[in-house]
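Below: the structure, in structure tokens.
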Amino acid sequence: MALGHFWKNSHAEALGAAMAVANGESKDKNLAQYIVGQVHHAQGKPGDAITWYQKVKEKYPDARQAIDYFEEKRIALEEVNVYRPGKDVELKIKFRNIKEAHLQVYRVDLMTLYLREKNLSKITQVNLAGIAPLLEQKVVLGDGKDYIDKENIAKLGVQKEGAYLVICRGDDLFTSALALVTPLKIEVQEDPQSGRVRANVMDAVANQYVADVHVKAIGSADADFR
């Protein structure tokens, strides 16, 4: 009966019928406990769902998988973030089941890093051993029992123009990001047939094109900057 109500999305009725069996000693007790977990799951109550899934995780692989899904830890930052001078430098932290994030901010020479790494894919993984961070801060995210993906904003106390490498740790997980404080904006035109690339460089704050700009470019299949 409980299963039938559940299939019909009649959650209140399904919960009432399943609870009577789940708290008893019949041969259907485990199935009823599993159904109670599923009802809480469907109702968006992961904490209650986990409590009931724990009772039958050895009998129902799906129950164990559901627990793993809810309790998975995640933390991430957008890889590259651009800010205009005078604006707050805020990083969006995406997380799941993480209590707090520890941030370390380093000011870096972006051109040197880029010339060495060739592209942005590994810039956030540079070796910073022996280099002191410009600043460190802690951001409280929650109680570590979110069970769903959430977001929080970290305000970084940086104002000067430049490139900042941000290393973020949440529990035993790490992520990183590059924060660029610059008035410059590049709009690129590409002609695939000729292989030509044209870079239009603007001062986004003054809303005008910039003179005397030094542009370096490298292709995905090229070994040298041009």
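The values are calculated or read from the model by the stated rules, or taken from the named source; none is laboratory data. For clarity, every value in this text was computed on a predicted model and none was experimentally measured. Heads up, the Cβs are rebuilt from the backbone with ideal geometry, glycines too, and the neighbour counts pull from every protein chain shown. Calculation scope for accessible area: heavy atoms of the full protein, side chains included, ligands and nucleic acids excluded. Shrake-Rupley method; radii C 1.70, N 1.55, O 1.52, S 1.80 Å.
Tabulated data for the structure shown
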| quantity | calculated |
| --- | --- |
| Filter pass, Ala199 being at pLDDT below 95, surrounded by 15 or more Cβ atoms within 10 Å (Cβ to Cβ), hydrophobic (A, V, I, L, M, F, W, C) and not in a loop (DSSP other than H, G, I, E, B) | no |
| Residue within the stretch 78-93 that is farther than 30 Å from Leu178 by Cβ, touching a Phe, Trp or Tyr at 6+ places or on another chain (Cβ under 6 Å) and surrounded by 14 or more Cβ atoms within 10 Å (Cβ to Cβ) present | no |
| Close pairs from the stretch 160-173: first on the phi > 0 side of the Ramachandran plot and part of a strand (DSSP E or B), partner basic (Lys, Arg) and open to solvent by 70 Å² or more (accessible area, probe 1.4 Å), Cβ under 7 Å, at least 6 apart | Gly162/Arg107 |
| Within the stretch 25-35, tally of residues that are at pLDDT 90 or above and open to solvent by less than 40 Å² (accessible area, probe 1.4 Å) | 2 |
| Every residue from the stretch 128-140 that is open to solvent by 20 Å² or more (accessible area, probe 1.4 Å), modelled with pLDDT of 90 or more and either assigned to a loop (DSSP other than H, G, I, E, B) or of a type in the set (A, V, I, L, M, F, W, C) (or both) | Pro133, Leu134, Leu135, Val140 |
| Single residue of Ala18, Ala76 found to be more than 30 Å from Lys155 (Cβ to Cβ) and either out of contact with any Pro (no Cβ under 6 Å at 6 or more places or on another chain) or outside any strand (DSSP E or B) (or both) | Ala18 |
| Lone qualifier among Leu173, Leu184, Leu156 - being open to solvent by less than 20 Å² (accessible area, probe 1.4 Å), modelled with pLDDT of 90 or more and out of contact with any helix residue (DSSP H, G or I) (no Cβ under 8 Å at 6 or more places or on another chain) | Leu156 |
| Members of the stretch 53-76 that are open to solvent by less than 90 Å² (accessible area, probe 1.4 Å) and either modelled with pLDDT under 95 or over 30 Å from Val140 (Cβ atoms) (or both) | Val56, Lys57, Tyr60, Asp62, Ala63 |
| Yes/no for Val213 being assigned to a loop (DSSP other than H, G, I, E, B), open to solvent by less than 90 Å² (accessible area, probe 1.4 Å), under 22 Å from Asn81 (Cα atoms) and out of contact with any Gly (no Cβ under 8 Å at 6 or more places or on another chain) | yes |
| Some residue of the stretch 36-44 being part of a loop (DSSP other than H, G, I, E, B) and not small (Gly, Ala, Ser) | yes |
| Scope the stretch 131-141; condition over 15 Å from the mean Cα position of the chain (by Cα) and touching a residue at least 12 places away in the same chain (Cβ under 8 Å); matching residues | Ile131, Pro133, Leu134, Leu135, Glu136, Gln137, Lys138, Val140 |
| Pick from the stretch 202-218, criterion of a type in the set (Gly, Ala, Ser) and out of contact with any strand residue (DSSP E or B) (no Cβ under 8 Å at 6 or more places or on another chain), ranking: modelled with the highest pLDDT | Ala206 |
| Any hit, the stretch 111-123, residues being open to solvent by 60 Å² or more (accessible area, probe 1.4 Å), within 30 Å of Asp222 (Cβ to Cβ), at pLDDT below 90 and part of a loop (DSSP other than H, G, I, E, B) | yes |
